[in-house]
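K.L.:
Here it is, the structure, as structure tokens.
The values are calculated or read from the model by the stated rules, or taken from the named source; none is laboratory data. For clarity, every value in this text was computed on a predicted model and none was experimentally measured. Please note: Cβ atoms are built from the backbone with ideal geometry, for glycine as well, and neighbour counts cover all protein chains shown.
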Amino acid sequence: MTFTLEIWKEKTADQLRRVGGWVERWKRQEAPYLLYGALCGLSLWPLVEAAQGGQLLPAMMALGSVAGGVGGNLLAEQVQRWKDRADEGQVARWVAEQAPANPDLREALDGVLEQLDVVAQAQAGLSEDDRRWFADTLRAELAQLGNLARLEGAIARGAASKAVSHGGVLVEGDVHGDVVTGQKTTLFDQRGQVVGWQTNVVGNRSKPSRKLQE
């Protein structure tokens, strides 16, 4: 089967389902940009596998559709180097080493993370404690890298995903006043942080919110 962007997304999603099993190991490691490097490595690995399997051109076309410019070219060149010999850990380490000093590369990597919805998906299957650690750690790394603003929304979506999937209310903006609800719901601000709970409360909302159905 020819490698395409859709196949890339599917394979990356499969990779991200394993994140929960790696979080405890990541927590014990002290390495610069560990989480950012790991997420980028997981996202790039399906490209490397495709290149190693003789589908270098389709892999490059898929990459070009989400990451262009100088950074996209850097990624393409590196994937070609990895097709001869590489593993997931090597890819993640390369990102952690190269991205901090190269804004063009970060631009391309962030494009990959956005297009494949990597950050939100990675958090979706985590426990509440692990999601909190994940979000705090990734925010700190992105702030140091200078690209927090671009991916902040994805972190918030991932942090809120579990509660929302159970009939919660995602609040846009600061919470002011009561929220209309017939059940216990968890309230989040724009950063994805829990700001409180409501149970069988009827009242007014001074900021817009939306109820997301399962």
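K.L.:
Among the residues of the stretch 120-136, write down those that are charged (D, E, K, R) and either closer than 9 Å to residue 16 by Cα or without any contact (Cβ under 8 Å) to a residue 40 or more places away in the chain (or both).
P.N.:
Quick first cut of the stretch 120-136, residues charged (D, E, K, R) only: 128-132, 136.
Correct list: 128, 129, 131, 132, 136.
K.L.:
State all residues of the stretch 138-149 that are crowded, with 16+ Cβ neighbours inside 10 Å and farther than 13 Å from residue 33 by Cβ; if no residue qualifies, say none. Walk me through it before giving the result.
P.N.:
Here is the first cut: in the stretch 138-149, the residues crowded, with 16+ Cβ neighbours inside 10 Å are 138-139, 141-142, 145, 147.
Result: no residue meets the conditions.
K.L.:
Going by the conditions given, is residue 62 among the small types (Gly, Ala, Ser), in contact with a Phe, Trp or Tyr (Cβ under 8 Å, 6 or more places away or on another chain) and under 26 Å from residue 144 (Cα atoms)? It would help to see each step written out before you state the result.
P.N.:
Working: among the small types (Gly, Ala, Ser): yes; in contact with a Phe, Trp or Tyr (Cβ under 8 Å, 6 or more places away or on another chain): yes; under 26 Å from residue 144 (Cα atoms): no.
When the stated conditions are applied, residue 62 does not pass them.
K.L.:
Limited to the stretch 75-110, what total is found for residues that are under 20 Å from the mean Cα position of the chain (by Cα), among the basic types (Lys, Arg) and under 21 Å from residue 52 (Cβ atoms)?
P.N.:
Of the residues in that region, 1 qualify.
K.L.:
Also, I was wondering about something else. When the stretch 52-72 is examined, which residues are found to be out of contact with any Ser or Thr (no Cβ under 9 Å at 6 or more places or on another chain) and either of a type in the set (Val, Ile, Thr) or surrounded by 16 or more Cβ atoms within 10 Å (Cβ to Cβ) (or both)?
P.N.:
Scanning the stretch 52-72 gives 52, 56, 59, 60, 63, 66, 67, 70, 71, 72.
K.L.:
I'd like the residue in the stretch 1-33 that is modelled with pLDDT of 95 or more and in contact with a Phe, Trp or Tyr (Cβ under 9 Å, 6 or more places away or on another chain) and, out of all such residues, is farthest from residue 94 (Cα to Cα).
P.N.:
Out of the qualifying residues, it is 11.
K.L.:
Looking at residue 80 and the list (1) farther than 22 Å from residue 124 by Cα; (2) without any contact (Cβ under 8 Å) to a residue 40 or more places away in the chain; (3) buried (at least 17 other Cβ atoms within 10 Å of the Cβ); (4) not aromatic (Phe, Trp, Tyr), which single condition is not satisfied?
P.N.:
(3)
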